[in-house]
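For reference, the structure is listed below as structure tokens.
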Amino acid sequence: MITLRNNNKIAAVIPFFNERSTINQIVQSTLNHVNTVVAIDDGSTDNSSENINLLENVILLKNDTNQGKGFALRRGLNYAVEKGFDKVITLDADLQHNPDEIPLLYSKLDEYPIVVGNRLKNLKGMPLHRRMSNKLTSYLLTIKTGQKILDSQSGFRAYRADVIKNVITTNNGYEAESEILINASRKGYRIGFADISTIYGNEMSKMNSVTSTIGFIKLLFS
């Protein structure tokens with residue numbers, strides 16, 4: 001199952017905030033496909049960290065207060081690079097990403113320095129407002145980056161270490177993931193996509209739509 005990682009050091013970065021019911025499951029499943037999980041507790045108040053604190057091959061980083069997904073993601077990515085990992089996978093902690101699909105992304109890193117999981121190939125199960133939002137932001141980022149962006153809002157991604165070193169983000173919110181694509185394009189990195197499952201359950205999104213929209217608009221005009 002983990003033959004893809006034999007000749008490389010691969011880390012998975014998983015930021016989370018109040019995911020006590022899911023964090024253990026996502027971390028355990030992810031460990032089947034990577035060497036190490038770097039989990040970033042972004043100021044959780046539900047003791048989420050207790051469920052993974054003693055797991056083998058898990059590095060737990062904790063923010064004293066909630067700083068935002070972009071901040072937590074940046075901290076985890078930088079840590080992975082500093083520790084010498086060659087490839088880094090990012091995924092969410094709420095079970096909307098299937099860790100068993102990590103090889104789909106990883107296998108394309110030989111061709112693309114960034115690979116994004118594309119959920120828009122199969123829209124079944126994705127709420128209508130998320131479809132509309134994603135299609136619009138993907139279209140706008142396609143114009144902004146000059147590359148075809150299929151799923152701008154997917155946090156299920158694979159990166160080569162050199163991309164992380166050269167693509168610096170400043171946003172602390174959800175718009176940081178769009179900022180990564182913009183900055184990568186400016187640096188000349190090609191962005192690839194891999195079709196993944198569209199998984200939505202009863203979880204409540206932690207994204208503040210107003211704040212995220214304002215942040216995204218600022219990005220477009222930066």
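Values in this text are rule-based calculations from the coordinates and carry no lab data. Just so you know, these numbers come straight off a predicted model, no measurement behind them. Virtual Cβ from ideal backbone geometry, glycine too; neighbours counted across all protein chains shown.
How far apart, in nm, are the 7 Å Cα→Cβ label points at E50 and I168?
Each label point is offset 7 Å from its Cα along the Cβ direction, giving 4.0 nm.
Set the bar at 18 Å for Cα to Cα. Now go through K83/K108; K144/K218; K9/K69 and name every pair that lies beyond it. Show your work: numbers first, answer last.
Details: K83/K108 23 Å; K144/K218 12 Å; K9/K69 24 Å.
Over 18 Å apart, Cα to Cα: K83/K108; K9/K69.
Can you work out the FRET efficiency for the pair E82 and M132, with r the C-beta to C-beta distance and R0 = 35 Å, to the nearest 0.05?
Numbers: r = 39 Å, r/R0 = 1.11.
Efficiency, rounded to the nearest 0.05: 0.35.
Among all stretches of the chain without exposed GluC sites (Glu not before Pro) (DSSP loop, at most 12 other Cβ atoms within 10 Å), which one is longest?
Numbers: sites that count: E56, E111.
Maximal segment without exposed cleavage sites: 112-222.
Just to confirm the filter: which trypsin sites (Lys or Arg not before Pro) across region 5-85 are DSSP coil and have at most 13 other Cβ within 10 angstrom of their Cβ? Write down the numbers at each step before the final one.
On the way: sites: R5, K9, R20, K62, K69, R74, R75, K83; in loops: K9, R20, K83.
Hits after loop and neighbour filter: K83.
Quick check on region 85-198: of the DSSP beta bridges with both residues there, what percent are antiparallel, nearest 5%?
On the way: 7 of 12 bridges.
Taking every DSSP beta bridge with both residues in region 85-198, the antiparallel ones total about 60 percent.
All other residues with a Cβ under 14 Å from the Cβ of E50 taken together, and with Lys, Arg as +1 and Asp, Glu as -1, what is their net charge? Write down the numbers at each step before the final one.
Working: positive: R20, K62; negative: E19, D41, D46.
Combined, the nearby Lys, Arg, Asp and Glu give -1.
How high is the relative contact order of region 77-171, in percent, with contacts defined as C-alpha pairs under 8 Å that are six or more residues apart? All intermediate terms of the calculation are to be shown ahead of the outcome.
On the way: 95 pairs, mean separation 42.4, N = 95.
This gives 45 percent for region 77-171.
Rounded to the nearest 5, what % of DSSP beta bridges with both residues in region 3-220 are antiparallel? Intermediate results must be reported in sequence, preceding the final value.
Working: 7 of 28 bridges.
Antiparallel: roughly 25 percent of the beta bridges in region 3-220.
Please compute the alpha carbon radius of gyration of region 3-220, then divide it by the globular-protein estimate 2.2 N^0.38 Å. Two decimals is fine. Walk me through the numbers on the way to the answer.
Numbers: Rg = 15.9 Å, N = 218, 2.2 N^0.38 = 17.0 Å.
Dividing the Cα radius of gyration by 2.2 N^0.38 Å gives 0.94.
Hey, in the GNM for the chain with a 10 angstrom Cα cutoff, which one of L181, L91, L31 fluctuates hardest?
Comparing L181, L91, L31 in a Gaussian network model of the chain, the most mobile one is L31.
Mind giving me the nanometre distance, one decimal, between the label points for E111 and T142, set 7 Å out from Cα along Cα→Cβ?
1.9
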